[in-house]
Amino acid sequence: MGSAARWCGPARPNYGSWPPRSARSVGSNPSDTAPNAGPLFFPQSRGLGIDQGAHSPHVLRKIVHAGAQDTSFASGRENLWILAGLKVPEKQVERLSKGIGHECVERRQSQVQAFLGLPLMERVAAQPHSPDLAVVSMDGGRLQILDRRAPAAGPSDAGTRQGSAPPSPPGPPPSDGVGASEAAGGSNDEDEDEDEEADRHRHGHWREDKIGLLMTMTSAEASEDPCPKIPETFVNPLKIPKLAREIKRGTKAGEDGVADPMEDDPASPLEGCAKYTAPKVRLQSMVGTRARAKPFGAILAAAAFARGFFGARRKAFVADGATVNWTTQRRWFSDFTPILDFIHALSYVFSAAMADRGFRQGWEVYQRWITLVWEGRVAVVIEELKRRRDELGPPEPGDSETSPRQVVADALTYLDNHRSRMKYDEYRRLGLPIVSSHVESTVKRFNRRVKGTEKFWSESGAEALLQLRADYLSETEPMERYWQEREAGATGRRIYRRSG
C-alpha cells in the first residue's frame, strides 16, 4: 500500500499512527509492498508438511520415485516431463533422490541401533505378527565406484553419465556374486577386507553390493518326501550344460556366481511330483547396501526382526556357497535352517562329472550323482569324488582352473564343506525352499538401476540409491510410511545438510 492510499472502509479505530512506520514508503521511488506484512500471516508450512523446499511433498514424491525407479536420472527427468508435465533438471532429480536416500539410510541406521540395543531374548521372541514360514536369502550384485574423495566417503554426488569418469579396464563386467573363498568354510573381518582389496585389484572400478531378501512363504508339510524322484528339468541334457556354463561364467575357483534363471523355473520343479508344491512367496521385502558383511548382517537381522521373522515357526536361510553368506547366517540367523541353493550344487556336480570324460559317459555319471544329491545322499557323491580325485591325482601348481584335476578338487571341497546344508529330501518334507532363484532375480532388479559400464557412483551416492531401490521394491511399502512420517514431522524450516 503506497503512502498516498486513503482509507475507504468504516470508521477506523484509533490504533495510533497509520500506516505503521515500518510499512510506510520511503525514497524517491515508493514501493507498493509492505515489508513486515509477512509475519502477520499464520505460517502454514508445518501444517502442510513442507520444509521450505522448492517442491511440494506431492511433487517431491514423483521426482524421487523417478530417480530411483528409472534406469538413470536422465531417464527419470524425461519421464517426469512426459508423464507428469514436470520440468525438472536432471541434476536436480539426482540431488533430490540422493538427499531422500540419505534420509532413508539414517532411518535404517536408527532401526538397526534400536535392534542391537535389545536384550538377546527380546530379539528372538515370538511376536504377534510372526509368520508361519520365514525365509531369508542374500546374494551380491555389481556396480562401479569412483569416489574422488576416497578413502573418506562423503555425501558428494557421483557422476552417472557417459564421460563422467575414466573407463574401467577393458572387458565385460564381472559376473554378479560374492567373491569370497569357499574352501575355508568360514571368514572373519580380516578376510572380508582382503576380499575387498582383491576385488578392487582384479576388477578396477567394479565393486560388490550386498542384497538381502526377506520372504514370508506358504507351503505344506508332509510326513515323507513329497517328491522323491528328481524332476526331468534337472536331468535334461539340452538345458543342464547351458545352465552350468552360465553359473560358472566369469567365476574363478572359490567364488560363486549368478546365472540367469532356467526357462523352466527351478523354483517350481513339479514334473513327476504330483504331491509336491514348491513354497510360494506371500510377501517380500529387500535390503541393499555397500556395507561389509558384519554391518550388512546387522541390517538384515534388524529388517527380519521388524517383520517378526525370529519368532516364526519355520525358518530357513537359503544362499549359494559363498563363505560370506554362511558367516552371516551363523552370526545373525543361527536358528534358521541353512540351505545351500540346489542349482549351484548342481553346477559343481555337473562340472566334476564331465571332467576328463566324454559327454555320454559324463552325462551318465552326472545323472547318478545329481539324483543322489536330490535324495539327500550327498555323502555317497563325496566318497565317489574322493575316488575320482585319487584316479586323476591332486591339482598341480601349473594346472589351470578348468583342468580336470582342479575341477574335481573344487567340487569335492564344495560339497564336503556344505554337506550339512544339502538335506534336500528333509527340506522338501518340511515345506522349505531349496533354490535361491528369488534373490538372484532381486539382484537383477537392483542391477537394472545401479549397474552399467557408463554408471559411476560415489560410495555415498551408491548407498543412497541402493537404499531407495530396496524401499521401493519392498512389498511392505516402507516408502509410503516414510513419506507420511516425513510430512507429519515437517518443521516448516528449510533443511540444511553438511557437505562433509
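The values are calculated or read from the model by the stated rules, or taken from the named source; none is laboratory data. Not measured: the values here are computed from a predicted model. Quick reminder, even Gly has a Cβ in these numbers, built from the backbone with ideal geometry, and neighbours come from all protein chains shown.
With Val64, Val124, Val88, Val93 as the choices, which residue is within 25 Å of Arg448 (Cβ to Cβ), among the β-branched types (Val, Ile, Thr) and touching a residue at least 60 places away in the same chain (Cβ under 8 Å)?
The unique qualifying residue is Val64.
Scan region 411-431 and tell me whether some residue there is outside the structural domain of Ser137 (by TED's automatic domain parsing) and over 19 Å from the mean Cα position of the chain (by Cα).
no
How many of the residues in region 214-231 are of a type in the set (S, T, N, Q), in a loop (DSSP other than H, G, I, E, B) and surrounded by 13 or more Cβ atoms within 10 Å (Cβ to Cβ)?
So the answer is 1.
Report yes if Gly159 is more than 24 Å from the chain's Cα centre (by Cα), over 30 Å from Ala322 (Cα atoms) and modelled with pLDDT under 95, otherwise no.
Details: more than 24 Å from the chain's Cα centre (by Cα): no; over 30 Å from Ala322 (Cα atoms): yes; modelled with pLDDT under 95: yes.
Against the criterion (more than 24 Å from the chain's Cα centre (by Cα), over 30 Å from Ala322 (Cα atoms) and modelled with pLDDT under 95), Gly159 does not qualify.
Would you list the helices (runs of 4 or more DSSP H) that sit entirely within region 281-394 and hold 1 or more residues that are of a type in the set (D, E, K, R) and over 24 Å from Met422 (Cα atoms)?
On the way: elements: 293-306, 323-332, 342-354, 359-374, 378-392.
In region 281-394, 293-306, 359-374, 378-392 are the helices (runs of 4 or more DSSP H) which contain 1 or more residues that are of a type in the set (D, E, K, R) and over 24 Å from Met422 (Cα atoms).
If Trp374 satisfies all but one of (1) surrounded by fewer than 17 Cβ atoms within 10 Å (Cβ to Cβ); (2) farther than 30 Å from Ser285 by Cβ, what's the number of the condition it fails?
With respect to (1) surrounded by fewer than 17 Cβ atoms within 10 Å (Cβ to Cβ); (2) farther than 30 Å from Ser285 by Cβ, Trp374 is out only on (1).
If Pro394 satisfies all but one of (1) farther than 26 Å from Arg313 by Cβ; (2) in contact with a strand residue (DSSP E or B) (Cβ under 8 Å, 6 or more places away or on another chain), what's the number of the condition it fails?
All conditions pass for Pro394, except number (2).
Show the residue pairs meeting these rules: Cβ distance below 7 Å; 6+ apart or different chains; first residue within region 214-225 and under 13 Å from Gly308 (Cα atoms) and at pLDDT 95 or above; second residue aromatic (Phe, Trp, Tyr) and crowded, with 22+ Cβ neighbours inside 10 Å.
That search, which allows pairs on different chains as well, returns Leu214/Phe309.
Taking the condition of being buried (at least 17 other Cβ atoms within 10 Å of the Cβ) and in contact with a Lys or Arg (Cβ under 8 Å, 6 or more places away or on another chain), how many residues in region 74-98 meet it?
Looking only at that region, the number is 4.
May I ask you to say which residue of Arg445, Arg421 is surrounded by 18 or more Cβ atoms within 10 Å (Cβ to Cβ) and more than 19 Å from Pro241 (Cβ to Cβ)?
Unique residue meeting the criteria: Arg421.
Does Asp176 count as buried (at least 20 other Cβ atoms within 10 Å of the Cβ), at pLDDT below 90, in a helix (DSSP H, G or I) and out of contact with any His (no Cβ under 7 Å at 6 or more places or on another chain)?
In short, no.
Condition (residue is under 15 Å from the mean Cα position of the chain (by Cα) and surrounded by fewer than 21 Cβ atoms within 10 Å (Cβ to Cβ)) applied to region 449-467: is it met by at least one residue?
Scanning region 449-467 turns up at least one residue that is under 15 Å from the mean Cα position of the chain (by Cα) and surrounded by fewer than 21 Cβ atoms within 10 Å (Cβ to Cβ).
Could you check His344 against (1) in contact with a helix residue (DSSP H, G or I) (Cβ under 9 Å, 6 or more places away or on another chain); (2) farther than 30 Å from Arg282 by Cα and say which number it fails?
Result: His344 fails condition (2) only.
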